[in-house]
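Okay, structure first, notes after.
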Amino acid sequence: MVLTDRQRRDLHAGIYEYLLTRDGDAFAKAAEAIKAADPQACTKDKPRNGSAPLLEKKWTAIPRLQKKVLELERAAAHSAKIHAHRGGTSSGEAGAGGSRRMLPRLPATHTLQGHAAVVNCVRVHPVFTVVVSGSEDGTIKAWDHESGDYVRTLKGHTNTVTSLAFTPSGSHLASSSTDLSIKLWDFKEYACIRTLRGHDHTISAVEFLPSFGHVSSTGSPTTESSLKTGMDVESVGSQFLVSASRDKTVKVWDVETGFCEQTLTDHYDWVRCIAVRQHDGAFATSGNDTVIQVYNKDRSKICELRGHQHVVETVAFLAEAKDVKASKSNELPRDYLVSGGRDRSVRLWKVSGVECLATFNAHENWVRAVQIHPSGNYLISAGDDKTIRVLDIKAQRCLRTLDSAHPHFVTSLSIHPTLPILVSGGVDTTVKCWMLD
């Protein structure tokens, strides 16, 4: 027996009520027959005021519930992908024993449209499921990369936005532009709190340097009166901002006062890119002179890396959060630096040894963006051949190619250090989100 006695009585009552609402002698005879068969259940009168009988309500509710179940199942599956990094296998162990390597694949999960011109830069928020993009239309747009929803537009620059960077805490955003300015934004209020000026030509890149214990630039503890920008170093996790420019200089700015702290002049041509190492504050710069300059957090030069035969468009250290502790799995990857350029090559460097460990020539056009995968096992690159490529460091080969990742040149990449998400920007004016699995 499938139904209990009570369930059977309820079913008979529902059928009886339904038959009473139908017109015609046949329905009336059927109602009398079911009442004769189960008089205890069939005691209800015909519904008043033309209301639908209970059986009809339950019958129409079934498709709605089935649709809701399917929606919840899809949401649960998507959430499982987003939070897969919280499982027992860390990304550093990915690929062993058939476990997931957390690499991008086609198709893109979202294509974010809204910019009116080329997207030059993208950056994933270090805490929230938010990505920001900067464009030649002079605007910065914020998006939710999990849902694909548009969040906000930040307006202030009067020309092309070239670079974006979040503080380690994600509370503030820096942007650079060809209008010769750097803007600091309160990302909670989406408001510009300071504009920095000092470069004499296009500003190509900006990055925040992580702070490790804080003393103000004057040597005394920070006071409220010194907070000219409203940025508190302890809460934002950074005291200095580094910028690179076509005026051949690299400038270091104090984020509290907004003043230029130091100007580095080791390059003799356009400085296009900056990368910062999160665990110790070292940073690297490069550009048209093809030389990669690497500095300590105190801005003393560590080394020069030479090997590219054309303009270096991009450099990157290991993608990791600021407070990740050293371990055997990340000891070597932390010493990696990757670069890409117009010679169509991606080069992997070991900074401490001042040596090139590998050269990848997989791209068929300029390499515009590179990232070191958080596991330290792969490089991810993109370029003017419209592809995103995954390069296996150990095997020294191209492991995966996302052909036609954008219908035009791919200009930028950003990967989250812990969440399985990669975003890219392109000349096609769109931002694309890629799930890693």
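Observations on the structure shown:
- Test: residue in the stretch 348-361 that is farther than 30 Å from Lys301 by Cα and charged (D, E, K, R): no
- Residue match in the stretch 152-168 (condition: at positive phi and of a type outside the set (Gly, Ala, Ser)): no
- Filter pass, Val236 being modelled with pLDDT of 95 or more and open to solvent by less than 10 Å² (accessible area, probe 1.4 Å): no
- Residue count for the stretch 120-175, restricted to those that are assigned to a loop (DSSP other than H, G, I, E, B) and not hydrophobic (A, V, I, L, M, F, W, C): 20.
- Restricting the stretch 164-201 to residues that are in contact (Cβ under 8 Å) with a residue 60 or more places away in the chain and among the polar types (S, T, N, Q), the residue that is surrounded by the fewest Cβ atoms within 10 Å (Cβ to Cβ): Ser169
- Restricting Ala369, Ala382, Ala284 to those that are closer than 19 Å to Phe212 by Cα, open to solvent by less than 10 Å² (accessible area, probe 1.4 Å), part of a strand (DSSP E or B) and of a type outside the set (Ser, Thr, Tyr) reduces the list to Ala284.
- Scanning the stretch 250-275 for residues that are under 13 Å from Val206 (Cα atoms) and surrounded by fewer than 21 Cβ atoms within 10 Å (Cβ to Cβ) yields one hit, Val252.
- Qualifying position, being over 17 Å from the mean Cα position of the chain (by Cα) and either polar (S, T, N, Q) or in a strand (DSSP E or B) (or both), among Leu399, Leu413: Leu399
- Matching option when the condition is open to solvent by 10 Å² or more (accessible area, probe 1.4 Å), farther than 28 Å from Gly138 by Cβ, assigned to a loop (DSSP other than H, G, I, E, B) and not aliphatic (A, V, I, L, M), among Gly353, Gly376: Gly353
- Spans of helices (runs of 4 or more DSSP H) in the stretch 1-100 with at least 2 residues at pLDDT below 75 and open to solvent by 90 Å² or more (accessible area, probe 1.4 Å): none
- Qualifying residue in the stretch 253-270 (condition: part of a loop (DSSP other than H, G, I, E, B), of a type in the set (Asp, Glu) and modelled with pLDDT of 95 or more): yes
- Test result for Cys303, buried (at least 24 other Cβ atoms within 10 Å of the Cβ) and either closer than 26 Å to Leu399 by Cα or not basic (Lys, Arg) (or both): no
- Members of the stretch 398-420 that are under 16 Å from Ala369 (Cα atoms) and touching an Asp or Glu at 6+ places or on another chain (Cβ under 8 Å): Cys398, His406, His408, Phe409, Val410
- If the condition is being in contact with a strand residue (DSSP E or B) (Cβ under 6 Å, 6 or more places away or on another chain) and of a type in the set (Lys, Arg), then the stretch 396-427 contributes only Arg400.
The values are calculated or read from the model by the stated rules, or taken from the named source; none is laboratory data. Note that the structure is a prediction, hence the values are computed from the model and not measured. Note that we place each Cβ from the backbone using ideal geometry, even for glycine, and neighbour counts take in every protein chain shown. The accessibility values were calculated without ligands, DNA or RNA, using every heavy atom of the protein model including side chains. Shrake-Rupley method; radii C 1.70, N 1.55, O 1.52, S 1.80 Å.
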